[in-house]
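Chemist: Shown below is the structure under consideration.
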Amino acid sequence: MDLSRFDIFNLFSRKKEKLTGSQRSVALGDFGSSRRQWDLEIEENPIREPHLAQELIKIENFSREVYDCLEIAAQDTFASTDGDDIGFTVAETIDDNETAVHTDIYVIAMEVIQRKQNHEKMVIGGTLLQKALKWSLIYGDAFLELAIEREGITKNDYCVSKSLYLPTWEIFRCEDDHGNLEGFEQRRYLHSTSPDNIFTPPQIVHFRHNQKYLYGKSLWLPSLGYWAKLKEATENLAVAAREAGINPTLHIFPEGYAPNQRTQYKNNYEQRKLSGELLTDIYLLSGMELKKLSSSNPSLTGLIDTVLQWRYHMIPSGFPIWLFPGLQPSGGAKEISRAPDRNYARKRYGWCQLLTKGIRQVIDTEIILKMGWDFYYKEVLKGGGYRIIWPEWQIDGMADTDESNQQGINDLDLEGNEDGGQIQTQRYRTPVF
């Protein structure tokens, strides 16, 4: 989001903006207050697009493939070879890879990235933005509220002091007919004339995946139909396996066998089973016969293949298939020119880029609060500004060395979209934005 003079004037006209939104659903009303006392897990209560939201919430909670994809995406985006938990930082040089970033910009940016709002939670640094990536991928959107508060006594001692994730499906983005952002609202009803919480544009960081107009689109939107088929196929396989596994043993008595003899035989047989004795030998009278009810060997191959097929459809294009238990890549172990590796690396670049837009909004806000609009306009908008860099990506030792400050590595923010599909690169390099 680009900040304007109007945004900053509106921001300072309120003197300070503490966190006003609720991480719990306002649509739950009094029940939400009671649930706060019970300290139960916070759940989404969809107001915007409720039918779509409910389906996405279900697959997030109950689909093994979706859960694994989200975990893999979050871990790989923030992964670093030294185990650092920051995940991203500010490059020391601007786009030419030689000129140093303005000292004040670098210090301010690094300070807000490393800032903590309590002993365990950071404002935007660490792994806090992993949730933003997960929600953006599964829901299409994630909303992070920022608190603007005074940290000192002088007029320029405001800062981005806190952050808070808001319920995705209760937040509405308000734009006019010309696409100008007017603000955000948290509503308990779709057509609320008096929203519970109203936010100015600088207060909300809106992360969007595959943006349509106002909102993003879920990575699993095309897979919702396959989710229903997967559940049905899995149930069919379970029923068939249970039926195939039950093949009773027939104890056929000879003609003329007395009832008391049958009862005595049955009781003796059941007693031996209950005692845990392994029945390796059974002694039969003349004319008795033991056999299984069915001599056929039913095959579950077709049902298993159907389940596997629907599981494949639950994994978005680009994710490494071999990371999922029970699934194997269709092309075998060797792929031409390691194309899957490159495709997944490009997706990871896209996820870095998605988060970088939000990170830059927070840093830009902090720079304006500390240095004023004129400084921001001169040094960031019209000057060299700064770049966000992410950890180097390594697959099977094929990664290049750190290139964030080497000649020829351009700002990838200009090379692709949020999905990373247009980024043209043949090397696993450090993403720079």
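Chemist: Mind giving me the FRET efficiency for residue 381 and residue 250? R0 is 51 Å, r the Cβ-Cβ distance, nearest 0.05 is fine.
Modeler: Taking R0 as 51 Å, the efficiency between residue 381 and residue 250 is 0.05.
Chemist: Then there is this: So what is the relative contact order for the range 128-248, in percent, with contacts set as C-alpha pairs under 8 Å and at least six apart?
Modeler: Numbers: 169 pairs, mean separation 32.3, N = 121.
RCO, the range 128-248: 27 percent.
Chemist: How do 20, 365 rank by accessible surface area computed with a 1.4 Å probe, from largest to smallest?
Modeler: 20, 365
Chemist: Mean shadow of the range 112-176, computed from the convex hull of its alpha carbons, in nm²?
Modeler: Numbers: hull surface 24.5 nm².
Mean shadow area of the hull around the Cα atoms is 6.1 nm².
Chemist: As I understand it, the dipole of the range 164-268 uses +1 on the Cβ of Lys and Arg and -1 on the Cβ of Asp and Glu, about the Cα centre. Which of 178, 211, 238 lies farthest toward its positive end?
Modeler: Farthest towards the positive end: 238.
Chemist: I've got another one for you. For a 24 Å ceiling on Cα separation, which of these pairs sit above it: 18/370; 212/357; 212/347; 131/357; 116/378; 18/121?
Modeler: 116/378
Chemist: With every protein chain in place, what's the accessible area of residue 275 (1.4 Å probe, Å², nearest 10)?
Modeler: 90
Chemist: With a 1.4 Å probe and every protein chain left in place, tell me how much accessible area residue 96 has, in Å² to the nearest 10.
Modeler: 60
Chemist: Give the accessible area for residue 135 in Å² (nearest 10); use a 1.4 Å probe, count only protein heavy atoms, and leave out ligands, DNA and RNA.
Modeler: 50
The values are calculated or read from the model by the stated rules, or taken from the named source; none is laboratory data. From a predicted model like this one, the values you see are computed outputs, not experimental measurements. No Cβ is skipped: glycine too gets one built from the backbone with ideal geometry, and neighbour counts run over all protein chains shown. These accessible areas exclude ligands, DNA and RNA; they are computed on the full protein's heavy atoms, side chains included. Shrake-Rupley method; radii C 1.70, N 1.55, O 1.52, S 1.80 Å.
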